[in-house]
Amino acid sequence: MTKSFHAPRWLVAAAAFCGLASAARATDVKIDNYSNGPVYVAQADNRGPQISHGWVQIRPNESQSFSAPDDVELYLRVQDRNGREITFSNYRTFLNFPAHAARFAVNAEPDDLNVWVLKYGNDLEFSRNIKKGDELPRGWSNRAFFAVGVGSHKLEIKP
């Protein structure tokens, strides 16, 4: 005769809660634009199938939040309407990611992470595949994105 073990309900509930809490951990960034003009933000992930995407416009005196799971290592690029980079003194680690002047998205192919799908246009209607590390096509460039780090962050853009 075998005796089976049944965990108490409170133990099962506690284990489920801890599992959900660790899976839900995310990096969150709130950007407040107190400048006199709009700023534009692109987001990049250092790990995972989504490489980079943008642009989100933040008008003067407005805010926007960005988030990603901690394990993808969130990077952001903030720039003014002329494409000039806006940096923050507490964020000094940078990596280059592909970006386009228009709305864009760069993703790795699900079946081959060495192939990147570059999409751009108002509805991301234009698409091109390249091998990771190959020269970017016309209109694309590698731009510096800063590492955010884990946890919650608040960034302010002032005049």
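Within the stretch 149-159, the set of residues being surrounded by 12 or more Cβ atoms within 10 Å (Cβ to Cβ) and either modelled with pLDDT under 95 or assigned to a loop (DSSP other than H, G, I, E, B) (or both) comprises GLY149, VAL150. Looking at the stretch 77-92, which of its residues are touching a residue at least 40 places away in the same chain (Cβ under 8 Å), open to solvent by less than 80 Å² (accessible area, probe 1.4 Å) and part of a loop (DSSP other than H, G, I, E, B)? Hits for the stretch 77-92 are THR87, PHE88, TYR91.
Restricting attention to the stretch 52-80, which residues are at pLDDT 95 or above and either charged (D, E, K, R) or more than 19 Å from PHE104 (Cα to Cα) (or both)? Passing the criteria: ARG59, PRO60, ASN61, GLU62, SER63, ARG77, ASP80. Quick check: is even one residue across the stretch 104-123 of a type in the set (Lys, Arg), without any contact (Cβ under 8 Å) to a residue 40 or more places away in the chain and touching a Phe, Trp or Tyr at 6+ places or on another chain (Cβ under 9 Å)? The answer is yes; a qualifying residue exists.
Scan the stretch 27-55 for residues that are closer than 24 Å to LEU113 by Cα, of a type in the set (A, V, I, L, M) and open to solvent by less than 10 Å² (accessible area, probe 1.4 Å) and the total you get is 2.
Counting only residues that are among the small types (Gly, Ala, Ser), more than 19 Å from TRP55 (Cβ to Cβ) and open to solvent by 40 Å² or more (accessible area, probe 1.4 Å), the stretch 96-148 holds 1 of them.
The values are calculated or read from the model by the stated rules, or taken from the named source; none is laboratory data. Predicted model only: the values in this text are computed from it and were never measured. Heads up, the Cβs are rebuilt from the backbone with ideal geometry, glycines too, and the neighbour counts pull from every protein chain shown. Note: areas computed on protein heavy atoms with side chains; ligands, DNA, RNA excluded. Shrake-Rupley method; radii C 1.70, N 1.55, O 1.52, S 1.80 Å.
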